[in-house]
Amino acid sequence: MSELRELYQSVILDHHRHPRNQGVPEGANRKASGVNPLCGDKVTVHLAVADDVVRAAGFEGSGCAISTASASLMTQAIQGRSLAEVERLFKRFRELVTSKAGAEAERDGLGKLAVFGGVREFPVRVKCATLAWHAMRSALRAAGETVSTE
Ligand code: ZN
């Protein structure tokens, strides 16, 4: 179990130190920002959406290791997925980090996102882990508003 935890932490640290998909992707046509005042995390998610598919995703922002790694892994996870699949993924991810049912979700196609399962033991960190996801959903709704975890 501790080996697994170390592996999970190393994935998060890797994505914190070397975030994937930073910046604005080509063809970006949706964006939204999110703030987590409790921790000081800020993120803006950029999406290139066409034919109800997320063709590309990127992000800008600054924050703690959890929020940066979450944005990085999220942009990887949603690229090439239909909007319906992205919505399902969001719900599964939220369940993973907020409920005990998350243990089930880990085996249910979350892939690398499962590294955030440990976050549910730290309620304050849940907001860090879900910030980019809330911004992403806001962008998809074309609301373009800044979402806050508070
Ligand atoms: Zn944070």
query: Rounded to a whole number, what % of the accessible area of the chain do carbon and sulfur atoms account for, probe 1.4 Å?
result: 48
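Using a Cα distance threshold of under 15 Å, what count of lysine pairs results for region 2-148 when pairs must be 8 or more residues apart or interchain? Could the numbers behind the result be given before it?
Working: LYS31/LYS42; LYS42/LYS127; LYS91/LYS100; LYS91/LYS127.
So the count of such lysine pairs works out to 4.
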field: Calculated log₁₀ intensity ratio I(q)/I(0) where the Debye formula runs over C-alpha points of region 2-148, q = 0.12, 0.16, 0.18 Å⁻¹
entry: -0.42, -0.77, -0.99
message: Given a 1.4 angstrom probe, what's the average accessible area per residue across the chain, in square angstrom?
response: 51
task: Pull up all non-local amide H partners of VAL147: gap of 5 or more, or a different chain, and H-to-H distance under 5 Å with H placed in the peptide plane.
output: SER33, GLY34, VAL35
- prompt: Against the longest principal axis of the chain, how steep is helix 65-78, in degrees 0 to 90 to the nearest 10, with axes from Cα atoms?
  reply: 60
Acute angle (nearest 10 degrees) that the helix 123-140 long axis makes with the longest principal axis of the chain, alpha-carbon atoms: 20
query: Between the helical axis of 2-17 and the dominant principal axis of the chain, each derived from Cα atoms, what acute angle in degrees is found, rounded to the nearest 10?
result: 30
Order by protection proxy (mean Cβ within 10 Å, highest first), peptides 15-22, 70-77: 70-77, 15-22
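The values are calculated or read from the model by the stated rules, or taken from the named source; none is laboratory data. Fair warning: this is a prediction, and the values are worked out from it, not measured in the lab. Every residue, glycine as well, gets a Cβ built from its backbone with ideal geometry; the counts of neighbours run over all protein chains shown. For accessibility, only protein heavy atoms count, side chains too; no ligands or nucleic acids. Shrake-Rupley method; radii C 1.70, N 1.55, O 1.52, S 1.80 Å.
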